[in-house]
Each structure stands twice: as C-alpha cells, then as structure tokens.
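Only one structure is covered here, and it is reproduced in the block below.
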Amino acid sequence: MKRTISILGSTGSIGKQALEVVEALPGKFEIFALAAGKNTELLKEQIEKFRPKVVSVSAEGLADELRSQVGQVEVLWGSEGLKEIAGNRQNDMVLMAVTGLNGLEPTICAIENGVDVALANKETLISAGNIVIRLAKENNVNIIPVDSEHSAVYQCLRARKEATVKKVILTASGGPFRTKTFEVMQNASVKTTLAHPRWSMGDKITIDSATLMNKGLEVIEAHWLFNVDYSDIEVIIHPQSIIHGAVEFADGSVIAQMGLPSMHIPIQFALTYPETFEGIKTNSLDFTQILGLDFEKPDLKKFPALELAYEAGKKGGTYPAALNAINEEAVYAFLAGNIKLTDIAKIVSKGLEVHKNTENPSYKDILEADKTSRIFVKNYFVINSNC
C-alpha cells in the first residue's frame, strides 16, 4: 500500500536524503507536502520532481514569490504552515527534519491528529519529552527515531519485545578530536572542526559531534524514547562507526545493530516501518574487510559537554531545554568565529548554574526557558566583552 508522507525540512541534509529514499522506492510513497526554510530554488526543483499538493516556506514574502511560480501547489508559510501540514490527516507519516524548537509545535499537531512521526528533530524530545511522549501514548501514535543511534536501539528492541532492558548503549565516533589533545581542541578552527571523520551532516550537529554534546543530547532523547533511566544509558566511543547502537537485556545477552555509516538506512527504516525494502543501493557490510572494532570510554575531562547533558537530564524539568538553547547559541557563536570550541561547554556550564528550573513544565514553561537561556548567552558575551 502506498504511504502518504510529508517532509518538514525537505531542503536540509535529512530532508534531501529522505527524498532520495522516496525516489529509490517508486510507487511506495505519495508526497503530500514539503516544507523548507529559505531555499526556494531547491524547493522548486523538489516540487517539479515530487509533485506535492502543499508546500511551506519560512516567510510570507517568500511564499508570495513562490506562489506565482509553482502553479496549482498550495503555498503556506511560517510556523502556521508547518503546523497545518503536520496536522493534516491525509498524512500517514510526517518526517520532522526542521531544526530547533521549530519542530515542537508541528510534532504536537501531528500527534494530536493521529499522524505517526519520523523524528529527526532532537530539540522536540530534549526540551519537551514529558509532553510529547504523553501525547503520543494518549493518541496511539508511533514516534520512529531517525537518528542512526536511536534507530539502531529501536531495531534492537523490536527483536525482543517482552524482554527486560538492562542497558541502552549509544556509540559515538569520537569526532575529529578523539585522538587530539585538549590544547588542539582549544585552538581548533571552524574548518577543522567541521571535518567529521565518518558522517556528513549539517554544521550545527557536526560541531555538537566534535564536543560530544550531540551524544549528550541523544542520551536525553533515549531516556524519553525508550523509557530508560539515565543510569542505564551508556555512551561508548567506537571510531569505526560500524555498531550504531546496542541493547543489553536482563539475561546478559546483547543485541547490536551494525552497518556502514549511511543516514539513508535509518531514514528508510522510519519511513517504511514496519516493512523493509531494498531501496537505495548501499555498500554491504563485508565482515572480512573489518580490521577491528575498537571501543573506549569517553574522556569527560576533554569532552565535558557529555557530562553536562547527563546532569541536565537527571535534574529534569526545564534544565534540558536550557541546555539545548545555551548550547545552540554558543555553537553559532563558534561558527561565527566569536569564541573557541572549548568555550562552548564553559558557557553551557555557567548557564545551567544560574538556570531557574521548572519541574513538570508546560509548553509555555519550555518556551520561556528557551528564551531566557538564549538571553543569558547574549548577556554573557556583552559582560565578557566589557571585562
């Protein structure tokens, strides 16, 4: 049966790869809608190829311009456009690949209307996991993770539906500074930091990977996705990136998901779940060519961001939302050349120290925590520039 899907964030890295998956599986999908930010040139190419009924862009002016160029396609804009697409019941599934808290309201709209969500937006669960998971249960909606690590764990858990989980294991490549000293990290350029050894990703997530904050954010996601305590989530450095995630069960057995690094695989898994198709031609994992699989504990002195994420997750409330917002603003400051890479964790630490927590936060509380945390970072730069 053909599945009707919408892709929010269609011109980003995940969105583009998702459309490659769709193209490789002719007859399996119908694209109901596509949503982009400002890249209307690429969006027009996607409209021509995939013929969606509805599209959305970030601003009204862009929508007016696009509307005059794409004929019969309905053109929406802004956050209302994202919510209207996500909540449309013609969708069987929505791929949530927009960045930041922009993905939270559309995700909630999809869930409240009974639409399954393929989730590639970290901020949704990090900032509002308590709200999103509760709504998904109430509405009997599937949230299928798209991150390679969470997809791996999800697949492992499907192998033993009734088994008791002892531990969830998330692997990390270690990024470009795994074997480098802290001093090298301290003086790293943006270009060097963006040179990830295994994965091709957007700038923000690549910086997070270099500091291991990305893995810390994934720990918080895993807590909500799989209903496991933080003490039962372990991060292991695995530079070959062959094992993407694993689960240890109560009887001592461990099931791991393996494969060559490719985001097409977890994207396709989410879009076609519970079915499996051949899809995009990816290289098979040749065990005879694997020279070794190495594992090591993360160096928390060199990568303090990981420990900060664990602490924020354990404290709960609005701490994870604050962590996410402070880190995001600090990453952008690094990308702009305003701070050093190692300053990111320092700024996050200081921000969490002054954060005023709200337990069991509402949607409004989460937005307020996000706002005040971003203000903290801006004020931090003003204060320190005057010192």
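Compute the FRET efficiency between Phe381 and Phe50 as 1/(1 + (r/R0)^6), taking r as their Cβ-Cβ distance and R0 = 30 Å, and round to the nearest 0.05.
0.10
According to a simple spin-label model (label point 7 Å from Cα along Cα-to-Cβ), what is the distance in nm between Lys315 and Glu20?
A separation of 4.0 nm, rounded to one decimal place.
Go through Lys137/Lys281; Lys215/Lys340; Lys281/Lys340; Lys166/Lys340; Lys161/Lys301 and tell me which ones have a Cα-Cα distance over 28 Å in this structure.
Lys137/Lys281; Lys281/Lys340; Lys166/Lys340; Lys161/Lys301, as the Cα separations exceed 28 Å there.
Report the full-extension gain for the segment Asp232 to Lys180: residue separation times 0.36 nm, less the Cα-Cα distance, to one decimal in nm.
Length difference between fully extended and current span is 15.8 nm.
Using Cα centres only, tell me the gap between region 43-97 and region 336-368 in whole Å.
Their Cα centres are 33 Å away from one another.
Among 337-344, 315-322, what's the highest-first ranking by average C-beta atoms within 10 angstrom per residue? Let's see the in-between values first.
On the way: 337-344: 17.1, 315-322: 24.1.
By packing density, highest mean first, the sequence is 315-322, 337-344.
With each run of n ≥ 4 DSSP H residues scored as -39500 (n - 2.57), what mean residue ellipticity at 222 nm is computed for the chain after dividing by its residue count and rounding to the nearest 500 deg cm²/dmol?
-14500 deg cm²/dmol
Find out how many positive minus negative residues lie around Lys2, taking Lys and Arg as positive, Asp and Glu as negative, among other residues whose Cβ is under 10 Å from that of Lys2.
Values: positive: Arg3, Lys28; negative: Glu30, Asp92.
Taking every Cβ under 10 Å from that of Lys2, the sum is 0.
Given Cβ point charges of +1 (Lys, Arg) and -1 (Asp, Glu) and nothing else, what value in debye, to the nearest 20, does the dipole of the chain about its Cα centre take?
On the way: 40 positive and 47 negative charges, 75 e Å.
The dipole of the chain has a size of about 360 debye.
Tell me which residues come under 5 Å, amide H to amide H, from Ile144 once H is placed; ignore anything under 5 positions away on its chain.
Distant-sequence amide H within range of Ile144: Val117, Ala118, Leu119.
Looking only at the chain, where both bridge partners belong to it, what percent of the DSSP beta bridges are antiparallel (to the nearest 5)? Intermediate values should be presented prior to the final figure.
Working: 11 of 40 bridges.
Counting only bridges with both partners in the chain, antiparallel ones make up about 30 percent.
Calculate, for Lys281 and Ser253, the FRET efficiency according to 1/(1 + (r/R0)^6) with r their C-beta to C-beta distance and R0 30 Å; round to the nearest 0.05.
0.40
Starting from 0.36 nm per residue, how many nanometres of slack lie between Leu335 and Val354 once their C-alpha separation is accounted for?
Gain on stretching Leu335 to Val354: 4.4 nm.
Read the figures in this text as sums done on the coordinates, not as results from a lab. Please read all numbers here as calculations on a predicted model, not as lab measurements. Quick reminder, even Gly has a Cβ in these numbers, built from the backbone with ideal geometry, and neighbours come from all protein chains shown.
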